[in-house]
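Structure first, then comments.
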């Protein structure tokens with residue numbers, strides 16, 4: 001009997017915006033429906049007495065890790081200070097972790113990446129989560145960030161076996177220089193890398209929009225529809241482990257007026273076992 005595929009999810013949790021209890025329930029419904037093995041979250045808030053990630057995963061045996069990017073407080077509750085950052089959740093134990101501050105623009109916006117190695121049944125798997133600068137005119141900053149990020153991911157990749165995984169909110173469209181660099185279609189400073197874009201390789205028909213004006217919480221920002229959330233994987237070895245089998249947009253529906261987030265999520269399945277020769 002063949003092994004089930006590796007299931008991977010990324011989603012921007014949108015900090016504590018709008019009706020969090022309702023949004024939290026919606027996200028938890030999706031997590032339980034998809035049952036991912038690995039999850040990458042952005043805009044994850046931790047405040048004294050309030051831990052949304054713990055709420056989402058309560059009752060489920062996930063191992064978690066977190067990197068704080070900046071200080072955070074809720075509007076109207078400025079005396080209660082916490083953190084906002086990125087997080088991972090893994091079905092299997094996390095055996096190693098490392099943080100990387102990313103290059104900044106000088107405007108005070110801070111970004112970071114968190115990379116973990118998990119002890120999966122198929123062997124060690126490296127997963128890195130990040131969230132790049134948000135401004136539409138900050139492509140020049142994101143170019144610097146993806147260079148540092150890809151070097152970080154490749155350095156931490158297991159020497160053999162499962163290809164490294166990279167996920168998050170990149171705030172850049174597939175045609176941008178920064179994403180073309182990640183996917184091997186553009187050089188920066190005479191260098192190039194190659195990660196496979198799960199949607200481009202195995203997504204359903206359509207553009208795979210994750211920032212959509214269909215969602216009223218995104219629409220009020222007056223920004224165009226675009227695909228800015230990604231799951232990337234390194235090139236699989238010849239035995240096929242890590243081959244991208246499926247990819248789809250998720251967390252993209254409304255129930256009783258509540259959407260899970262202002263972003264949609266991305267879900268992918270990857271081959272977990274070696275192909276027979």
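Every number in this text was worked out from the coordinates using simple rules, so none of it is lab data. None of the values given here were measured: they were computed from a predicted structure. Cβ: placed from backbone, ideal geometry, glycine included. Neighbour counts: every protein chain shown.
A compact table of results
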| read-out | value |
| --- | --- |
| Sites residue 29 and residue 217 - FRET efficiency at Förster radius 22 Å, r taken between beta-carbons, to 0.05 | 0.80 |
| Protection proxy ranking of 64-72, 95-103, 173-181 - average other beta-carbon atoms within 10 Å, highest first | 173-181, 64-72, 95-103 |
| Order of 197, 239, 256 under a 10 Å beta carbon neighbour criterion, fewest first | 256, 239, 197 |
| Cα centroid separation - segment 80-154 against segment 168-208, whole Å | 16 Å |
| Ranked packing of 163-170, 268-275, 110-117, most packed first, by mean Cβ within 10 Å | 163-170, 110-117, 268-275 |
| Share of alpha-carbon pairs per 5 Å distance bin for segment 80-186, given as whole % | 2, 12, 22, 22, 18, 13, 8, 3, 1, 0 |
| Mean Cα-pair separation over length for segment 135-225, i.e. relative contact order, pairs under 8 Å, 6 or more apart, % | 19 percent |
| Net length gained if the chain between residue 135 and residue 204 were fully extended (0.36 nm per residue, minus Cα distance) | 22.0 nm |
| Overall dimensions of segment 135-231 by Cα: Rg and Dmax, Å | 14.5, 46 |
| Ranked packing of 135-147, 211-223, most packed first, by mean Cβ within 10 Å | 135-147, 211-223 |
| Residue-span extension gain [residue 109 to residue 2] - 0.36 nm each, minus C-alpha spacing | 33.9 nm |
| Computed lengthening from residue 71 to residue 238, 0.36 nm per intervening residue step minus Cα-Cα distance | 55.7 nm |
| Ranked 154, 39, criterion: other C-beta atoms within 10 Å, fewest first | 154, 39 |
| Estimated [θ] at 222 nm from DSSP helical runs (n ≥ 4, -39500 (n - 2.57)) normalised by residues in the chain, nearest 500 | -5500 deg cm²/dmol |
| Considering only segment 2-99, percent of DSSP beta bridges that pair antiparallel, nearest 5 | 75 percent |
| Residues 187, 10, sorted so that the one with the fewest Cβ neighbours within 10 Å comes first | 187, 10 |
